[in-house]
Amino acid sequence: MKNRQHFVHYHLPPIAWAFMIIAISSIPSAYLPKVEIFGIDKLVHIVVFCIFGLLLYRSYSNKKNTNPGFSNVYFFTIAGVVVLGIFTELYQGLIPGRRSDIYDLVANIIGGLFSLIVVRMYNKALCL
């Protein structure tokens with residue numbers, strides 16, 4: 001695969017997803033829908049960051065000479081999730097009507113960890 005196609009196919013999706021997360025984090029609370037279901041916001045954080053983790057893993061694991069087993073790919077995936085999770089929570093504290101929330105950060109990290117569990121189960125099913 002040519003370099004540009006490789007970038008677009010493997011590396012652009014997690015970058016675009018991260019920008020989408022940041023864009024949504026930039027919306028003032030007055031413009032967000034009010035949801036009264038307890039814990040649904042944490043579930044959304046888990047799902048969004050699980051998808052981000054899956055995209056990061058896919059991006060990192062498709063570099064040349066990378067073993068898809070437990071390796072630096074897992075470390076860089078969870079590190080990327082944690083960095084984006086911390087950034088978005090701190091950033092939300094600057095947005096009118098929004099606040100930083102440690103429980104949101106925990107949900108972000110759980111989503112990233114869940115993505116690695118999914119990857120591990122998938123790789124095990126394929127005997128990788």
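Entry remark, segment 27-58: residues being among the hydrophobic types (A, V, I, L, M, F, W, C), outside any helix (DSSP H, G or I) and modelled with pLDDT under 90 number 4 in total. Checked against the criterion of being aliphatic (A, V, I, L, M), in contact with a Pro (Cβ under 8 Å, 6 or more places away or on another chain) and crowded, with 21+ Cβ neighbours inside 10 Å, segment 47-55 contains one or more residues that satisfy it. Of all residues in segment 92-100, none satisfies being aliphatic (A, V, I, L, M) and either surrounded by 20 or more Cβ atoms within 10 Å (Cβ to Cβ) or in a helix (DSSP H, G or I) (or both). Within segment 92-103, residues that are more than 20 Å from Met20 (Cβ to Cβ) and among the basic types (Lys, Arg) sit with their Cβ atoms under 9 Å from residues that are part of a loop (DSSP other than H, G, I, E, B) and modelled with pLDDT under 95, at 6+ positions apart or across chains, in these pairs: Arg99/Gly93. Mind checking whether some residue in segment 11-26 is at pLDDT 90 or above, part of a loop (DSSP other than H, G, I, E, B) and surrounded by 10 or more Cβ atoms within 10 Å (Cβ to Cβ)? Yes: segment 11-26 contains one or more residues that are at pLDDT 90 or above, part of a loop (DSSP other than H, G, I, E, B) and surrounded by 10 or more Cβ atoms within 10 Å (Cβ to Cβ).
Only one of the numbered conditions (1) under 25 Å from Phe7 (Cα atoms); (2) not in a helix (DSSP H, G or I) is violated by Tyr74, and that is (2). Please verify whether Pro33 is farther than 30 Å from Asn123 by Cα and without any contact (Cβ under 8 Å) to a residue 40 or more places away in the chain, treating the condition exactly as stated. So Pro33 fits the description; yes.
The values are calculated or read from the model by the stated rules, or taken from the named source; none is laboratory data. Keep in mind that what you see is a predicted model, and the values were worked out from it rather than measured. Heads up, the Cβs are rebuilt from the backbone with ideal geometry, glycines too, and the neighbour counts pull from every protein chain shown.
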